[in-house]
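First comes the structure, then the notes that go with it.
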Amino acid sequence: MSKIQLLSPQLANQIAAGEVVERPASVVKELLENALDAGAGRIEVDLEHGGARLIRVRDDGSGIAGDELKLAVSRHATSKIRSLEDLEAVASLGFRGEALASICSVSRASVISRSRDGTDASGWCLEVNGHAEDVVLAPAAHPVGTTVEVRDLFFNTPARRKFLRTERTELERCEDVLRRLALAHPEVVFELRHNARVLKSLPAANDLAAVEQRVAGVCGAAFMEHALRVEVDGEGLGLRGWVAAPTFSRAQADLQLFFVNGRVIRDRLVAHAVRQAYQDVLYHGRHPAFVLFLELPAEQVDVNVHPTKHEVRFRDQRAIHGFLFAALRQALAEMRPEDRLERIREVPSTAGPVAPTQSGFALRFASRQAPGSAASVRDHLARYGELGREPSAHAAPEAGQVGASLAEASDTTLPPLGYALAQLHGVYILAQNADGLVLVDMHAAHERITYERMKQAREADGIRSQRLLVPLSLAVSEREASRADAEREALAELGLVVERLGPETLVVREVPAALAESDVEGLVRDVLADLVEFGTTGRVREAEDALLSTMACHGSVRANRQLTHAEMNALLRDMEATERSGQCNHGRPTWAVQTLAELDRLFLRGR
């Protein structure tokens, strides 16, 4: 081996750039974070050739004084950290003091800035040509704020430049970075241009309606049509944002945005908590969609665990996991039919006429078009002379009187799912509400109702344990054995009595009574794996839920069973009062709505 020697500053910067600067999107991310930390209210981004040729980020933040510009492009120089205490409670997005130095070492860069404190009559320009020591500082006209130009990225490291993708791919990565930060900072104006063409212009959002409009612009209008607002506070933690209804699931986990104190992150603990919250309402193999913002004291989260700051480490992982799981599970449980119908009414009509060749049964589980109101229902029925008496607010109308009753019903007297009209092929219930036509899968709906009642009965009685006739001995790792020993009380609450017999040996003496005939060894091993990885587990509850789900499925009404109008209406009322009634135990939708506006488009009425 050659002798140990110090690396040159240039080579050290280029090595650091390998960790921080992966592609143009990495540069955009670092510069945007610096602009946000500077208190910018408006940020403009210009790109050429996907950012490989030019990246220019201009902000109206606090700026940099002329005598500090050279320090700004030096390694380990930052205005955001002064002591170890500051590092343990980081409140800014960028703080390592390596980004600008790394960027300048692999590009031809310039920084033009004027500070807000008024010490400089004009701005200053610092030019760096791939070497932090080869800089030129000169006066330059510039408003308060900073403009950073990065040209010819990786011009002096051609091996890195070969790994860049096509112009379109690199542009999409840059757009994705801007969209994420725009969600976390709705009060800031963002503008993105590519090759002198405006691609995205996001005005400041200062109220909830404007914020939701920005979320719709970033995540798509379809997401907001299916989204439920979440606002939960507790024990110094705050969770805000939107979670999509289980029926708006995705084939990939490509619409899952999670922010911690304004920083977008990817974390297995968070993913696990969300997956558990959607446990029995999401169809197998599908992924939920959400945009969530977690606020907590800065000292409770360590953001200094990865050079790109995409990962964090929570001080109390179990508390964070429990808080997220409980908040999201409760939000999904409280999602009732009236909430989905209210969201339908809020969405403006944007679709054109439906072609006659399209299927008349192309139902959506949360419509994108404007629905009919109670007045429009009366208008439709009045055309055929079906006006009649008004129904009671609580009593279901008799067969043959449904249309007449609905014609004069008001929003206060008409239930969200309306009243049953008929059965279709012994499988579906057809009902009419204020918005139009409701179709209900009677078996799936009754299955969910039965399942939720069985879970409530279990909660009232608690988890009962059963002693094994022959205790089960397990060989585990020393880490798992230690964790099981430390969590004996928590395991006992789950109905598992586990004792440690040796450094790598456990014995299971009691298990939940409902799972006595199941794979006990597999269950215990899965529980231990969760405890080691996340500090908590839901395996026992999931296994019991699976058993209750099977029992509920076999105990629900089957297809081809003829129901009376009273029975069908009773089922609709139970659905309106039951948690998670929008999906069956397997995650399939239980009901769908076809609004009058959609039906009119289907039959080209009013054209």
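Among 424-431, 254-261, 106-113, 515-522, how do they line up from the highest to the lowest mean number of other beta-carbon atoms within 10 Å?
106-113, 254-261, 424-431, 515-522
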Answer in debye to the nearest 20: the dipole magnitude of region 141-209 about its Cα centre, from +1 Lys/Arg and -1 Asp/Glu charges placed on Cβ, is 420 debye
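Rounded to the nearest 500, what is the chain's calculated 222 nm mean residue ellipticity when only DSSP H runs of at least 4 contribute -39500 (n - 2.57) each, over all residues?
Details: 21 runs with 218 residues, N = 607.
Result for the chain, helices only: -10500 deg cm²/dmol.
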Under 5 Å between amide hydrogens, which residues at least 5 positions from Thr578 or on another chain qualify, with H placed 1.01 Å from N in the peptide plane?
none
Using mean Cβ contacts within 10 Å as the protection proxy, how do 465-475, 25-35 order, highest first?
25-35, 465-475
So for the pair Val427, Leu547, with labels modelled 7 Å out along Cα→Cβ, what separation do we get in nm?
3.3 nm
Loop-resident GluC sites (Glu not before Pro) in region 125-204 with no more than 14 other Cβ atoms inside 10 Å, DSSP not H/G/I/E/B, are Glu133, Glu187
If packing is taken as the average count of other Cβ atoms within 10 Å, what order do 586-594, 66-74 fall into, highest mean first?
586-594, 66-74
Fraction of antiparallel bridges per DSSP, the chain only, in percent to nearest 5
90 percent
Filter the chymotrypsin sites (Phe, Trp or Tyr not before Pro) in region 154-197 to those in DSSP coil with at most 12 other Cβ atoms within 10 Å of their Cβ, and list the result.
Phe163
Over the chain, relative contact order from alpha-carbon pairs under 8 Å, at least 6 apart, %:
12 percent
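Over region 150-291, calculate the relative contact order: mean separation of alpha carbon pairs under 8 Å at least 6 apart, over the residue count, as a percent.
Worked out over region 150-291, it gives 18 percent.
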So for the chain, taking the charge dipole from beta-carbon charges (+1 Lys/Arg, -1 Asp/Glu), which of Tyr451, Leu421, Phe323 sits furthest toward the positive end?
Leu421
Which of the lysines could a cross-linker span from Lys309 if the Cα-Cα distance has to be under 24 Å and same-chain partners fewer than 8 positions apart are dropped?
Lys29, Lys80
First check a/c for region 157-251, with a ≥ b ≥ c the square roots of the eigenvalues of its C-alpha gyration tensor; if it is under 1.5, answer rounded, and if not, answer prolate when a/b is larger than b/c or oblate otherwise.
prolate
Need one number: nm distance between label points at Arg266 and Gln279, each 7 Å from Cα along Cα→Cβ, rounded to one decimal.
2.7 nm
Net charge dipole size for the chain [Lys, Arg +1 and Asp, Glu -1 on Cβ; Debye, nearest 20]
1640 debye
What nm value, rounded to one decimal, do you get for the distance between Asp152 and Ser122 when each label is placed 7 Å out toward the C-beta?
2.7 nm
For the chain, the per residue accessible area (1.4 Å probe, Å²) is 48 Å²
Determine the dipole magnitude for region 1-116: charges of +1 sit on the beta-carbon of Lys and Arg, -1 on that of Asp and Glu, nothing else is charged, the reference point is the Cα centre, and the result goes in debye to the nearest 20.
380 debye
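What percent do you get for the relative contact order of region 453-590 when only Cα pairs under 8 Å and 6+ apart count?
20 percent.
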Neighbourhood net charge (15 Å Cβ-Cβ; Lys/Arg +1, Asp/Glu -1) for His425:
+1
Please pull out the direction-averaged projected area of region 546-607, using the convex hull of its alpha-carbon atoms, in nm² to one decimal place.
6.3 nm²
Ordering Cys219, Cys174 by how much accessible area each has at a 1.4 Å probe, largest first, what is the list?
Cys219, Cys174
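How large, in percent, is the carbon and sulfur part of the accessible surface of the chain at a probe radius of 1.4 Å? Before the final figure, lay out the partial values.
On the way: 14760 of 28990 Å².
Result for the chain: 51 percent of the exposed heavy-atom area is carbon or sulfur.
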Please list His194, His443 in order of solvent-accessible area, largest first, computed with a 1.4 Å probe with all protein chains present.
His443, His194
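The values are calculated or read from the model by the stated rules, or taken from the named source; none is laboratory data. Treat the numbers as computed from the prediction; the structure is a model and nothing was measured. All Cβ positions, glycine included, derive from the backbone under ideal geometry; neighbour counts span all protein chains shown. All accessible areas refer to the heavy atoms of the entire protein, side chains included, with ligands and DNA or RNA removed. Shrake-Rupley method; radii C 1.70, N 1.55, O 1.52, S 1.80 Å.
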